[in-house]
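Right, one structure below, let's go through it.
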Amino acid sequence: MAATLRRWSRALADSPGALIVLITDDEDSARVEPPDVDVPVLVVSLESYGCSLRFNKAVTEGGGACLAATQDLPDRVAETITRLTSGGS
């Protein structure tokens, strides 16, 4: 975990923009409308099916990203944070 946190810290240190990271068990993701925000949103779903749920799909369609639970989730989160905060899509 410490190595992943260092990677995230390095990735965000030089980033020009902000990023909202939501870590969710998806209890409400099927029925909640996503907020209207001006910064990218990364949803980290703790369920393998999480990115198919209403809220999480809307976040992705709005220029954010969703990552579902897998073994390589820490690396995928670090890579996605880097991409979203550097202006990439």
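Brief remarks follow.
- Counting the residues of the range 46-89 that are part of a loop (DSSP other than H, G, I, E, B), touching a residue at least 24 places away in the same chain (Cβ under 8 Å) and in contact with a Gly (Cβ under 9 Å, 6 or more places away or on another chain) gives 4.
Residue-by-condition table, conditions (1) loosely packed, with under 14 Cβ neighbours inside 10 Å; (2) out of contact with any His (no Cβ under 9 Å at 6 or more places or on another chain); (3) modelled with pLDDT of 80 or more:
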{"site": "Arg10", "(1), (2), (3)": "yes, yes, no"}
{"site": "Pro16", "(1), (2), (3)": "yes, yes, no"}
{"site": "Glu27", "(1), (2), (3)": "yes, yes, yes"}
{"site": "Val41", "(1), (2), (3)": "no, yes, no"}
{"site": "Ser45", "(1), (2), (3)": "no, yes, yes"}
{"site": "Gly50", "(1), (2), (3)": "no, yes, yes"}
{"site": "Thr60", "(1), (2), (3)": "no, yes, yes"}
{"site": "Ala78", "(1), (2), (3)": "no, yes, yes"}
{"site": "Thr85", "(1), (2), (3)": "no, yes, yes"}
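The values are calculated or read from the model by the stated rules, or taken from the named source; none is laboratory data. As the structure is a computational prediction, the values presented were derived from the model and not from experiment. Counting neighbours? That spans all protein chains shown, and the Cβs are built from the backbone with ideal geometry, glycine included.
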